[in-house]
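The values are calculated or read from the model by the stated rules, or taken from the named source; none is laboratory data. All figures in this text were calculated on a predicted structure; none of them were measured in a lab. Cβ placement follows ideal geometry from the backbone for every residue including glycine, while neighbour counts extend to all protein chains displayed.
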Amino acid sequence: MVDPLSVTALTGVALTDGIKFLYDQAGAILTRRAERRRAEKLGTAPPAEPIPVKPPEVVAGQLAPISIDAAAADVLADELKELRRRLDDYAQGYETPREDDRDVLRTIVALRDAIEDIIGQRITFKGEARERSGTPVVTGRISAAEIRGRATAVEVGDMVSGRVDAQVHTDVIEAGGEVTGARITNLGR
């Protein structure tokens with residue numbers, strides 16, 4: 001997770017635009033998830049992807065059309081809903097965010113992290129020191145009290161560019177258990 005202070009490059013209107021963009025992207029992900037789940041129930045085709053996206057001026061770089069990782073969207077749906085709820089007044093224009101409000105900044109970063117996990121690419125705001133928007137990112141997280149068998153957070157085969165973020169948190173690895181944060185073959189050239 002990025003330090004919330006990294007988004008302090010956003011001020012005034014740019015901060016509001018950044019919040020609105022993330023709020024809308026989270027809403028689009030939740031809508032697509034609901035459509036996909038309805039289609040699965042009815043036995044019909046899921047909604048078409050990828051989804052074109054036009055980021056606001058506050059976003060550095062260009063996002064590729066978005067494909068949603070259905071499993072990640074299912075896991076993170078409740079988190080997306082809660083984070084959107086916390087930013088609702090700012091996204092709707094009822095309140096003006098303060099650029100020194102650490103709770104708002106933490107919420108922005110958490111929402112962005114969740115969206116990036118689902119769409120597999122960075123969203124970077126102008127002035128931030130991180131990869132440009134659209135940079136592919138693979139995120140894998142394992143959080144388990146106990147591991148008895150094999151667990152791998154990320155396994156990549158032939159990734160030309162991008163970033164891999166693998167995290168493992170476990171209390172106990174039983175005898176014979178195996179945990180791998182990342183197993184990569186041919187990441188970049």
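What to note about this one:
- Matching entry among Leu76, Leu105 (being in contact with a Leu (Cβ under 8 Å, 6 or more places away or on another chain) and in the same structural domain as Thr31 (by TED's automatic domain parsing)): Leu105
- Residues located in segment 102-117, provided they are surrounded by 13 or more Cβ atoms within 10 Å (Cβ to Cβ) and more than 16 Å from Ala26 (Cβ to Cβ): Leu105
- Here Arg85 fulfils each of the conditions (1) assigned to a loop (DSSP other than H, G, I, E, B); (2) surrounded by fewer than 21 Cβ atoms within 10 Å (Cβ to Cβ) apart from (1).
- Condition check for Glu174: out of contact with any helix residue (DSSP H, G or I) (no Cβ under 7 Å at 6 or more places or on another chain), modelled with pLDDT of 75 or more and not aliphatic (A, V, I, L, M): yes
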